[in-house]
1. I'd like to know how region 15-62 sits against the 2.2 N^0.38 Å rule of thumb: what's its Cα Rg over that expected value?
2. Carbon and sulfur atoms: what percent of the 1.4 Å accessible area of region 44-112 do they account for?
3. Taking only C-alpha pairs under 8 Å that are 6+ residues apart, what is the relative contact order of the chain in percent?
4. Write down the accessible area per residue of region 59-112 in Å², having rolled a 1.4 Å probe over the full set of protein chains.
5. If you compute percent of Cα pairs over 25 Å apart for the structure shown, which of (i) 29; (ii) 23; (iii) 18 do you land on?
6. Which order do Y5, Y110 take when ranked by solvent-accessible area (1.4 Å probe, heavy atoms of all protein chains), largest first?
7. Ranked from the most accessible area to the least, with a 1.4 Å probe and all protein chains present, what is the order of T26, T41, T3?
8. Test of the criteria: in region 13-112, which trypsin sites (Lys or Arg not before Pro) are in a DSSP loop and have at most 12 other Cβ atoms within 10 angstrom of their Cβ?
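The values are calculated or read from the model by the stated rules, or taken from the named source; none is laboratory data. Model, not experiment: these values are computed from the prediction. Note that each Cβ is placed from the backbone with ideal geometry, even for glycine, and that neighbours are counted across all protein chains shown. All accessible areas refer to the heavy atoms of the entire protein, side chains included, with ligands and DNA or RNA removed. Shrake-Rupley method; radii C 1.70, N 1.55, O 1.52, S 1.80 Å.
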Amino acid sequence: MQTLYDVLVWVHIACWALAIIGYAITLPAARINGLLAHGLTAAFLLGIVLVAIASASDEVADPNHAKIAVKLVVAFVAVGLAHSMRKRPAPNPFAHVVAGLILVNVVIAYAW
């Protein structure tokens with residue numbers, strides 16, 4: 001179970017990286033593209049799966065539930081904004097908001 005968890009953690013990190021790359025690609029135009037929206041959604045869903053595995057397994061350390069709750073709320077808002085504001089024409093200021101929420105989520109993951 002630990003090996004599956006470790007592989008999913010790396011895929012989760014890769015999804016966050018894809019979301020940031022999706023933002024960086026369209027930075028001059030300030031748009032929410034598919035790479036950003038779908039990378040963010042995949043990272044959100046994988047985060048839920050990782051918490052479920054960590055909570056159910058005896059091999060993986062139990063997660064910090066306060067940290068997970070904060071990250072879940074931030075990611076949920078980012079996913080909601082990304083998908084609801086995706087069709088807006090460029091420049092879309094919500095692209096910067098979504099990218100800021102992604103960075104907040106990454107900082108919480110590593111600093112908390």
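1. Values: Rg = 14.5 Å, N = 48, 2.2 N^0.38 = 9.6 Å.
The value comes to 1.51.
2. Values: 2940 of 4070 Å².
Its accessible area is 72 percent carbon and sulfur atoms.
3. Details: 126 pairs, mean separation 35.3, N = 112.
Relative contact order here is 32 percent.
4. On a per-residue basis, 61 Å².
5. Here percent of Cα pairs over 25 Å apart agrees with entry (ii).
6. Working: Y5 50, Y110 165 Å².
If we order Y5, Y110 from most to least accessible, we get Y110, Y5.
7. Details: T26 10, T41 35, T3 105 Å².
Order by accessible area, largest first: T3, T41, T26.
8. Loop-located and lightly packed - K87.
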